[in-house]
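K.L.:
Starting off with a structure, shown below.
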Amino acid sequence: MVGILLLVLVVWLVLAVLGFVVKGLFWLAIVGIVLFVATAIFGGVKRSSLRR
């Protein structure tokens with residue numbers, strides 16, 4: 001599960017960087033950042049629930 005989360009985080013990070021590099025794809029950066037944060041929060045919640 002952690003491996004999949006890390007893979008998704010890397011994909012979102014790449015999308016965010018691509019969005020910033022290509023000026024015409026600014027929306028891609030926004031989507032990448034939002035999805036990165038959402039995945040990180042989901043991973044944190046899921047991880048904390050596994051500890052209990």
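K.L.:
Considering only segment 15-36, I want to know if a residue exists there that is basic (Lys, Arg), assigned to a helix (DSSP H, G or I), out of contact with any helix residue (DSSP H, G or I) (no Cβ under 7 Å at 6 or more places or on another chain) and loosely packed, with under 12 Cβ neighbours inside 10 Å.
P.N.:
yes
K.L.:
As an exercise: evaluate residue 8 against (1) exposed (fewer than 15 other Cβ atoms within 10 Å of the Cβ); (2) at pLDDT 80 or above and give the number of the one condition it does not meet.
P.N.:
(1)
The values are calculated or read from the model by the stated rules, or taken from the named source; none is laboratory data. Computed from a predicted model, the values in this text were never measured in an experiment. Glycine also receives a Cβ, built like all others from the backbone with ideal geometry; neighbour counts cover every protein chain displayed.
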